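Only one structure is covered here, and it is reproduced in the block below.
What follows draws every value from the coordinates through simple rules; no lab data is involved. Computed from a prediction, not measured in an experiment: that's the story for all the values here. Note that we place each Cβ from the backbone using ideal geometry, even for glycine, and neighbour counts take in every protein chain shown.
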Ligand SMILES: [Zn+2]
């Protein structure tokens, strides 16, 4: 698997904090209800903390009460990649940033209250919120950029 952004472990370690590295590059999971975006309602775009690719929009974020920020749809269908994950004796679907391959979280089909029925359960530490203030237009245009 190759990604647009490829870095050595050494480079990632230099750029990320140890906690970020653990989740993004070692597929760790932050503890529930501890992430900074669990209950965030701010309008904006969530970017990949490792490569700044735009991944999710606040209008697809919903209250899942699972302890992690949850979205029902990625910003673009090709912003993330989905991989089967059989770790921890479970069969889950891992969500990674398509641009740099960093681990974001998992996706589950257990959100019937949303338009897609899906819950992208994402670690806060994997993403960065860019609040939309004056740049609503920029968001619209970025798909053609
Ligand atoms: Zn990324």
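Can you find a residue that is out of contact with any strand residue (DSSP E or B) (no Cβ under 6 Å at 6 or more places or on another chain), surrounded by 15 or more Cβ atoms within 10 Å (Cβ to Cβ) and part of a loop (DSSP other than H, G, I, E, B) anywhere in region 17-29?
Yes, region 17-29 has at least one match.
Hey, any hits in region 2-15 for a residue that's in a loop (DSSP other than H, G, I, E, B), without any contact (Cβ under 8 Å) to a residue 24 or more places away in the chain and within 16 Å of residue 122 (Cα to Cα)?
So far as region 2-15 goes, no, none of its residues is in a loop (DSSP other than H, G, I, E, B), without any contact (Cβ under 8 Å) to a residue 24 or more places away in the chain and within 16 Å of residue 122 (Cα to Cα).
Could you list all residues from region 102-119 that are assigned to a strand (DSSP E or B), more than 16 Å from the ligand (Cβ to nearest atom) and in contact (Cβ under 8 Å) with a residue 40 or more places away in the chain?
Matches in region 102-119: 119 only.
Any residue at all in region 41-64 that's within 13 Å of the chain's Cα centre (by Cα) and surrounded by fewer than 13 Cβ atoms within 10 Å (Cβ to Cβ)?
Within region 41-64 (the criterion being within 13 Å of the chain's Cα centre (by Cα) and surrounded by fewer than 13 Cβ atoms within 10 Å (Cβ to Cβ)), the answer is no, since none of the residues qualifies.
Determine whether residue 74 is buried (at least 16 other Cβ atoms within 10 Å of the Cβ) and within 26 Å of residue 115 (Cα to Cα).
So residue 74 fits the description; yes.
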